[in-house]
1. Pairs, please: C-beta under 7 Å, at least 6 apart or cross-chain, first residue within 18 Å of A:Val385 (Cβ to Cβ) and in segment A:160-178, second more than 10 Å from ligand 1 (Cβ to nearest atom) and among the hydrophobic types (A, V, I, L, M, F, W, C)?
2. Tally up the residues in segment A:352-363 that are surrounded by fewer than 21 Cβ atoms within 10 Å (Cβ to Cβ), in a helix (DSSP H, G or I) and either assigned by TED's automatic domain parsing to the domain that holds A:Ala60 or out of contact with any Gly (no Cβ under 9 Å at 6 or more places or on another chain) (or both), please.
3. Given the residues B:Val69, B:Val44, which is the only one that is away from ligand 1 (no atom under 16 Å from the Cβ), in contact (Cβ under 8 Å) with a residue 24 or more places away in the chain and surrounded by 16 or more Cβ atoms within 10 Å (Cβ to Cβ)?
4. Hey, does segment A:386-393 have a residue that's more than 16 Å from ligand 3 (Cβ to nearest atom), of a type in the set (Phe, Trp, Tyr), within 27 Å of B:Gly35 (Cα to Cα) and away from chain B (no Cβ under 14 Å)?
5. Any residue at all in segment B:8-29 that's modelled with pLDDT under 95, more than 7 Å from ligand 3 (Cβ to nearest atom), farther than 18 Å from A:Gln334 by Cβ and within 12 Å of chain A (Cβ to nearest Cβ)?
6. Against the condition in contact with a Lys or Arg (Cβ under 6 Å, 6 or more places away or on another chain) and surrounded by 23 or more Cβ atoms within 10 Å (Cβ to Cβ), how does A:Gly341 come out, does it pass?
7. Which residues, counting only those in segment A:120-153, are crowded, with 20+ Cβ neighbours inside 10 Å and within 16 Å of ligand 1 (Cβ to nearest atom)?
8. Specify which of the listed residues (A:Leu349, A:Leu369) is crowded, with 21+ Cβ neighbours inside 10 Å, farther than 22 Å from B:Ala14 by Cα and within 14 Å of chain B (Cβ to nearest Cβ).
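The values are calculated or read from the model by the stated rules, or taken from the named source; none is laboratory data. None of these values were measured; they are calculated from a predicted model. Positions of Cβ are generated from backbone atoms using ideal geometry, with glycine treated the same way; all protein chains shown enter the neighbour counts.
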Amino acid sequence: MSTTHHAGPVGPTRLLAGLSGGGRASLASHIDQWGRIPDATPGAILDALDASGLRGHGGAWFPVGTKWRSIRKAGLRTPVVVANGAEGEPASGKDRLLVMQAPHLVLDGLALAARVTGAGQAYVFVPAEVVPSVRDALAERTARRLDPCPIEVVVAPDRFVAGQETAVVSTIAGRSPGLPTFQGITSIRVKGVGGRPTLVQNVETLAQAALVARFGPTWYRSVGTESAPGTVLTTVSGRWDGPRIVEVPLGTTLARALGIDPAASGLQAVLLGGYGGGWVRPEIALTMPFTEEEARARGTSIGAGVIALVPTGICPLAEVARVARYMEGQGAGQCGPCVNGLDTLANALEHLAWRPQGLRGGAAAIPGLCDLVEGRGACRHPDGVARFVKTGLEVFADHAALHASRGPCAPHAPFLPVPNEAVRGAVR
Amino acid sequence: MSRTRFRLVVDPIACDGAGVCAELLPELISLDPWGFPIIATGDVPPGLIDHARRAVTSCPRLALTLVPVGS
Ligand SMILES: Cc1cc2nc3c(=O)[nH]c(=O)nc-3n(C[C@H](O)[C@H](O)[C@H](O)COP(=O)(O)O)c2cc1C
Ligand code: SF4
Ligand code: SF4
């Protein structure tokens, strides 16, 4: 690699170190803080990304260099690149924070992706409330001609599946807004927006890529571990008054990163990866190395970085049922197994939570319902719900037995955020 | 002669769950409690390729496809 990189910030706080704590960083203060991206050939940038070990932080943890290379090679048509900031997950706030306060870091990453892939058009796909921040940032950049291609803002519909990559493509293309499509064997990387090879990349991933391009892979790997380098933005709830965005070095333990004593955590369980993620026992979640591989080995995923610390004293089955019902309503209503399966699943869980005697087959019948929806939708929404429910029933097996023998818990205030929730505890 | 291997894939958005395919190809397609097809995993056995083709062409929603493996 012949590129000369600048010296980057020292220590485990990187993306968040750049945030002023208040409003949007202007272009001037952004360049003040981070400097410019050094000139480098697309090949050198790809080599740096590969060497950094950066993976996608929107959920699937796919290697970024590999993905950008595949777009470059995808075909003769000019590619399209998309910054995905939809963040439909109610328990996540890291992408909004980043786009709100450091839009230029995200846009640097998007411009970089456009340059490397040879894209002719770029999009920023974000919820309505952060659109002004992006528009203002884009106006500053256009005046300075910073970007290699036009960048357009597209409003992400307020729906859990809106950020799924085929839903992103169909919304941008002006077809069914917020609804996934069936890709069959063709990927959007080959045929996406307007039939063009399309790169959909999470906004945090792009911001991380913009840092790799500035400071180089050696700097990127100076935090984290050999096999899990760098940091990840997480949204932590249950530790402080409200949810907080925390930048966690990969490979550390959550006990350390969050300052929790695993022997006296007062926790009942930890939800990793959000509503499409999975439940882990607190002693394991707090002491395992925080990496995607370790999370997968325990049946879950870091996903988009949601960490919900669920205290003792609340009914976890009520939480699982509330979220399952929310996720059922958030499906796109397009696929039979998803529509019918998630409703049946949510019904069973509502019984288990609030009217356990009425549940035919008891809790034991529920994992089979999960198997029935897994892998059978056009998108992986049902798979995420299945993982959330299955891991929940494993971790809360004793609690389910209590419900069966002693009846449901007394109602209490909800813990996990569920927008526009209907009457809780209603059993259909 | 090396024969191309195939897999059956259903487009769950297009599928209406009327179950025509399961009637024509019960060896590989069963129905879930709501009438939507569950396709057996793995390649279509060579002896069933013709039956699979018939199921594909009979699907009223064009929701079923035979996909060459490795493509
Ligand atoms: C139901 C569902 C919802 C998703 N929502 C988001 C989202 O809000 N933001 C996001 O970046 N990725 C989301 N994804 C993942 C995207 O499909 C895609 O993998 C990601 O944007 C790629 O970026 P990355 O490689 O940088 O993670 C979602 C996936 C599924 C199945
Ligand atoms: S699987 Fe569910 S969420 Fe995904 S496209 Fe089908 S109906 Fe919509
Ligand atoms: S025949 Fe076609 S539409 Fe009918 S159930 Fe089978 S795949 Fe679905």
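1. A:Ala167/A:Leu179
2. Count: 2.
3. The conditions single out B:Val44.
4. Checked against the condition, which is being more than 16 Å from ligand 3 (Cβ to nearest atom), of a type in the set (Phe, Trp, Tyr), within 27 Å of B:Gly35 (Cα to Cα) and away from chain B (no Cβ under 14 Å), segment A:386-393 yields at least one hit.
5. No - not one qualifying residue is present in segment B:8-29.
6. no
7. Result: A:Ala122, A:Tyr123, A:Val124, A:Phe125, A:Val126, A:Val130, A:Val134.
8. A:Leu369
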